[in-house]
Amino acid sequence: MPETMLLVQMTLLLMIIGAFAGVLAGLLGVGGGIVLVPAFFYAFQTLGYGGPQLMQMCLATSLATIMVTSIRSVHSHNKKGAVDWDILRTWAPGIVIGAILGMLLVAQLRTNTLQIIFGSLALIVGLYMGFSRAHWRVAEAMPTGVARVILSPGVGFLSVLMGIGGGSFGVPLMSLYNTPIHRAVATAAGFGVLIAVPAVVGFLFVDMQSGKPPLTIGAVNLVAFIIVIAMTLITAPLGVRLAHATDPKRLKRVFAVFLVLVALNMLRKALGW
């Protein structure tokens with residue numbers, strides 16, 4: 001098929017994906033990565049791209065979009081004084097180290113293994129979203145010392161394995177340690193920057209052997225990156241308006257069911273069922 005026609009098809013699919021991710025981000029406050037990774041995977045497969053490095057490209061391109069949206073989000077939250085810079089400063093070294101280790105591992109793994117990892121972690125996140133309660137606590141303050149040394153790289157590492165920002169792991173973690181939810185969401189946006197920037201820099205140097213779409217640098221597809229960023233900036237405000245007109249608890253439960261189904265389908269495909 002001519003490359004021009006492929007670009008047209010990619011553009012249309014990615015516009016739909018970006019619009020959907022933007023609405024969900026504004027509506028539920030979740031990072032787009034947890035939607036973008038499976039959406040990229042199915043879109044590129046539909047267009048005829050596959051192979052052992054497909055998931056690498058999906059994860060890397062998702063993180064590239066998160067790099068931009070997280071910076072914008074931190075800026076917006078900081079103007080309202082919601083970012084906890086003490087947490088961000090003290091957790092930053094561990095998160096960056098974890099993100100780099102995650103990128104190095106992803107670069108060595110192949111699509112089937114990465115599908116299983118994504119599906120398993122997404123299933124855990126979906127179940128937590130569905131069954132968690134706002135009053136759950138494990139301590140009254142964020143951990144320090146050895147606990148922080150262990151947990152902070154874990155946030156960066158697991159997030160890169162899923163191609164997501166800091167929200168899916170950072171917000172529940174901070175909430176469990178008694179951080180107010182609005183402050184946790186704002187600070188997790190900063191986690192997203194710390195996760196995405198070093199990981200994307202590394203992914204730009206990954207050697208994609210075959211099966212990559214046009215305009216791919218390393219493992220990052222520029223077409224998907226540009227289109228999704230543009231669409232999320234347009235549709236995220238719509239999601240915010242919808243959030244104020246609906247019940248957020250019910251919406252989170254619906255999204256949890258959606259995420260569990262996506263995760264199970266990803267696992268089904270990976271296991272060849």
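The values are calculated or read from the model by the stated rules, or taken from the named source; none is laboratory data. The shown structure was predicted, so the numbers you read here are calculated from the model rather than taken from an experiment. Because the Cβ atoms are built from the backbone with ideal geometry, glycine has one as well, and the counts that use them run over all protein chains shown.
Only one of the numbered conditions (1) under 18 Å from LEU114 (Cβ atoms); (2) surrounded by fewer than 17 Cβ atoms within 10 Å (Cβ to Cβ); (3) not charged (D, E, K, R) is violated by VAL220, and that is (2). Within the range 75-108, the set of residues being touching a Leu at 6+ places or on another chain (Cβ under 9 Å) and over 23 Å from THR144 (Cα atoms) comprises MET103, LEU105, VAL106. On the given criteria, is ILE164 buried (at least 22 other Cβ atoms within 10 Å of the Cβ), in contact (Cβ under 8 Å) with a residue 24 or more places away in the chain, out of contact with any Asp or Glu (no Cβ under 9 Å at 6 or more places or on another chain) and of a type in the set (Val, Ile, Thr)? It is true that ILE164 is buried (at least 22 other Cβ atoms within 10 Å of the Cβ), in contact (Cβ under 8 Å) with a residue 24 or more places away in the chain, out of contact with any Asp or Glu (no Cβ under 9 Å at 6 or more places or on another chain) and of a type in the set (Val, Ile, Thr). Of the helices (runs of 4 or more DSSP H) lying entirely inside the range 119-226, the ones with 2 or more residues being in contact with a helix residue (DSSP H, G or I) (Cβ under 7 Å, 6 or more places away or on another chain) and among the aromatic types (Phe, Trp, Tyr) are found at 181-203. Please go through the range 114-132 and give me each residue that is more than 18 Å from GLY33 (Cα to Cα) and loosely packed, with under 15 Cβ neighbours inside 10 Å, ordered by number. Within the range 114-132, PHE131, SER132 meet the criteria.
Being out of contact with any strand residue (DSSP E or B) (no Cβ under 9 Å at 6 or more places or on another chain) and surrounded by fewer than 21 Cβ atoms within 10 Å (Cβ to Cβ) narrows it down to one of PRO198, PRO237, so name that one. Exactly one of PRO198, PRO237 is out of contact with any strand residue (DSSP E or B) (no Cβ under 9 Å at 6 or more places or on another chain) and surrounded by fewer than 21 Cβ atoms within 10 Å (Cβ to Cβ), namely PRO237. For the range 34-71, the set of residues classified as without any contact (Cβ under 8 Å) to a residue 12 or more places away in the chain and either touching an Asp or Glu at 6+ places or on another chain (Cβ under 6 Å) or surrounded by fewer than 16 Cβ atoms within 10 Å (Cβ to Cβ) (or both) consists of GLN45 only.
In the condition set (1) part of a loop (DSSP other than H, G, I, E, B); (2) closer than 30 Å to LEU6 by Cβ; (3) modelled with pLDDT of 90 or more, GLY272 is compliant with all but (3). Among the criteria (1) crowded, with 22+ Cβ neighbours inside 10 Å; (2) of a type outside the set (Gly, Ala, Ser); (3) over 13 Å from the mean Cα position of the chain (by Cα), the one LEU176 does not fulfil is (1).
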